Amino acid sequence: QVQLVAAGGGSVQAGGSLTLTCTSSGYTFDSRCIGWLRQAPGKEREKVAGIYTGVTSGGSTTYHDSVKGRFTISLDNNSKTVYLQMNDLKPEDTAMYYCAAGVPRVTSSGWSCAPSGDWGPGTQVTVSS
């Protein structure tokens, strides 16, 4: 029931950077994690990054292999804003990006943040070569 709004997208050339923000519509982040997801036309939804927001293990992060080392997710607890710093962008990163509250799930490589509610409005990221 908490609406999360993604913003900060735009058009950038390959190798450039963008910073996305995720803000609450008025509710605090009360889920165990906040995740960034993306979806490009003709492709499945992909979990990009997640950050743990529970009482314990706060700040723990997870990344999709395709963005690991290039993207950084962070959380400002005071403003309740989640950021996604994207560096060295590639054309393959072109997609609509969303943020959503989720639930941590153990995976073979660590953990991921599985969305537990409806996605909020997304923001388009377009990377040209």
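The values are calculated or read from the model by the stated rules, or taken from the named source; none is laboratory data. The shown structure was predicted, so the numbers you read here are calculated from the model rather than taken from an experiment. Virtual Cβ from ideal backbone geometry, glycine too; neighbours counted across all protein chains shown. Note: accessible area is taken over every heavy atom of the protein model, side chains too, but ligands, DNA and RNA are not part of it. Shrake-Rupley method; radii C 1.70, N 1.55, O 1.52, S 1.80 Å.
Observations on the model:
- Mean separation of Cα contacts under 8 Å, 6 or more apart, over the residue count of the chain: relative contact order %: 35 percent
- Local electrostatic count, HIS64, Cβ distance below 10 Å [Lys/Arg +1, Asp/Glu -1]: +1
- 3J(HN,Hα) along region 72-87: 9, 9, 8, 10, 9, 5, 6, 8, 6, 10, 9, 10, 10, 8, 10, 10 Hz, from the Karplus curve 6.51 cos²θ - 1.76 cosθ + 1.60 with θ = phi - 60°, whole Hz, x for Gly and Pro.
- DSSP-defined antiparallel bridges as percent of all bridges, the chain, nearest 5: 90 percent
- Under the simplified labelling scheme, the LYS43-LYS90 pair shows an inter-label distance of 1.0 nm, with each label point 7 Å from Cα along Cα→Cβ.
- Each peptide in 102-111, 72-81 receives the mean, over its residues, of other Cβ atoms within 10 Å, and ordering these scores from highest gives 72-81, 102-111.
- Accessible surface of the chain [probe 1.4 Å, protein heavy atoms]: carbon and sulfur percent: 45 percent
- Cross-link reach list, lysines versus LYS47, counting only Cα pairs under 20 Å and skipping chain neighbours closer than eight places: LYS68, LYS90
- Region 84-129: C-alpha gyration tensor shape, a/c 1.5 cut-off, then a/b vs b/c: oblate
- Potential extension, GLN13-ASP76 segment - 0.36 nm per residue separation minus Cα distance: 19.9 nm
- By the Stokes-Einstein formula, at 1.306 mPa s and 10 °C, region 31-121 with its Kirkwood radius over alpha-carbon pairs has D equal to 119 µm²/s.
- Close amide H partners of VAL48, meaning residues 5 or more places away or on another chain with modelled amide H under 5 Å apart, are TRP36, LEU37, ARG38.
- In this structure the amide hydrogen of PHE71, modeled in the peptide plane, comes within under 5 Å of the amide hydrogens of ASN87, none closer than 5 places in sequence on its chain.
- Magnitude of the charge dipole, the chain, Cβ model with Lys/Arg +1 and Asp/Glu -1, debye to 20: 120 debye
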